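Structure record follows, encoded as structure tokens.
Laboratory data are not the source of any read-out in this text; all were calculated from the coordinates shown. This is a predicted model, so every value here is computed, not measured. Glycine also receives a Cβ, built like all others from the backbone with ideal geometry; neighbour counts cover every protein chain displayed.
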Amino acid sequence: MQPSTIGGINKLAESEKRAIYARYIPKELIEKFNLPDLTSNKELLHFRFAAGASDVEMMLYHRIGFHDPVLYAHLTDTMNGQIHVLLYILNDPISPRFYVDKMPDGTTTKFGTLQRNLEAEQAAMQAGLSPGQVRKGLRLLQPATTAFEEFITSLGHEMYFVEPLYYHNAVIFERYGFAYQMGKRQMDNIHAEFQEGGELQQRLDASNPFRSSKAENSIRLRSWAIHDGILGQPFTNVTMYKRVGKLANIDTAPSCSW
């Protein structure tokens, strides 16, 4: 009988683990980069999935030795055995790279959550990227969601959870049908306070490049302002979930452009 949890899958032989986890790689990504069969290809498809661990990290590269994976995913089990996506990144390897993930001395920023490379972040923002992005995305989130839901269903689940690291992530997940386990009130309040006369709108004082008045009606620029600390506290305590094949139809940023 096939395991239904990350912890259960991680107890299997390596070849079995690789075959199961490779299921959530969208075929569109494989076709885009003309990738070979990946289940046994350890040069392009890397995993961290120790026996006994309740989490797994996947790194899929389009070319051997390339700096960044085209797909990075970190999954774990919830307390009651559901699948929880901690991080999911699709990178366009052809686009310019911005070192928001490292300080000039090479130390990690943990995507700007531990410390910030302000020069790299400003360049990324001006290039149209969102907080945490080192490269532009691949615009494959819809097929990636479909592939992931097929993976979830194959494990016997009807829902899964995600942890949006930034404000814009939460809004994007809304638009793909996710609902809030916790954090919706915070999201509604953020939108209200960015309206005319709101506290966050008044803090868009151009005191630095991340607090431009343009952020008032831009999801991406709001996210940069929030990343810059405009809330007065980190953007945390937001957890979302998706029921397979169903849309929650939630919109906490109505009439707000990207």
**OP:** Once you have the Cα-Cα distance between R175 and A206, take 0.36 nm times their residue separation minus that, and quote the gain in nm to one decimal.
**Re:** 8.2 nm
Subject >> Tilt relative to the chain, helix 141-154 - C-alpha long axis, 0 to 90 degrees, to 10 >> reply: 40 degrees
**OP:** Take the alpha carbon atoms of segment 88-166, find their radius of gyration, then divide it by 2.2 N^0.38 Å using N residues; give the quotient.
**Re:** 1.33
Original post:
Any idea how far the Cα center of segment 113-137 sits from the one of segment 151-217, in Å?
Top reply: 17 Å
**OP:** At most 15 other Cβ atoms within 10 Å and a DSSP loop assignment: could you name the trypsin sites (Lys or Arg not before Pro) in segment 103-151 that fit?
**Re:** K110, R139
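Above 20 Å lies some portion of the pair distances; for segment 141-208, what is it as a whole percent of all C-alpha pairs? Mind showing how you got there, number by number?
Values: 1045 of 2278 pairs.
Roughly 46 percent, rounded to a whole number.
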Original post:
Working out 0.36 nm times the residue gap between D37 and S255, then minus their Cα-Cα distance, what length gain in nm do you get to one decimal?
Top reply: 74.2 nm
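Taking the square root of 5 times each eigenvalue of the Cα gyration tensor, what semi-axes in Å does the equivalent ellipsoid of segment 140-257 have, largest first? Don't jump to the answer; show the numbers that get you there.
Details: eigenvalues 182, 32, 29 Å².
The answer is 30, 13, 12 Å, longest axis first.
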**OP:** Using a cut-off of 12 Å between beta-carbons, work out the net charge of the residues near A170 (Lys and Arg +1, Asp and Glu -1, A170 not included).
**Re:** -1
Original post:
Can you give me the relative contact order of segment 140-258 as a percent, contacts being Cα pairs under 8 Å and 6 or more apart?
Top reply: 40 percent
Original post:
Once the Cβ-Cβ distance between K110 and E158 is put in as r, and R0 is 41 Å, what FRET efficiency do you end up with, to the nearest 0.05?
Top reply: 0.80
Original post:
If you average the sequence gap of Cα pairs under 8 Å that are 6 or more apart and divide by the length of segment 1-100, what percent do you get for the contact order?
Top reply: 23 percent
Original post:
Each residue of segment 185-202 in turn: what ³J(HN,Hα) in whole Hz from Karplus with 6.51, -1.76, 1.60 and θ = phi - 60°, glycine and Pro shown as x?
Top reply: 4, 4, 5, 4, 5, 4, 4, 4, 6, 8, 6, 3, x, x, 4, 5, 4, 6
Original post:
Want the number for K102 to R243: 0.36 nm per residue separation, take away the alpha-carbon distance, what's left?
Top reply: 47.2 nm
**OP:** Just need log10 I(q)/I(0) for the chain at q = 0.08, 0.12 Å⁻¹, Debye formula, equal scatterers on the alpha-carbon atoms, no solvent, rounded to two decimals.
**Re:** -0.34, -0.76
Original post:
In whole percent, what relative contact order does the chain give with Cα contacts below 8 Å and a gap of six or more residues?
Top reply: 17 percent
**OP:** Report the net charge of residues surrounding L90, where surrounding means a beta-carbon distance below 13 angstrom and charges are Lys +1, Arg +1, Asp -1, Glu -1.
**Re:** +1
**OP:** Could you tally the net charge around M159, taking each other residue with its Cβ under 15 Å from the Cβ of M159, Lys/Arg +1 and Asp/Glu -1?
**Re:** -2
Original post:
Modelled label-to-label distance, E196 and Q2, 7 Å Cα→beta-carbon offset: nm?
Top reply: 5.5 nm
**OP:** Take every Cα-Cα distance within segment 1-46, group them into 5 Å bins from 0 onward, and report for each bin the whole-number percent of pairs it holds.
**Re:** 5, 20, 29, 21, 13, 9, 3
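What's the whole-number percent of alpha carbon pairs in segment 11-163 lying beyond 25 angstrom? Mind dumping the intermediate values first?
On the way: 3916 of 11628 pairs.
I get 34 percent for the Cα pairs in segment 11-163 exceeding 25 Å.
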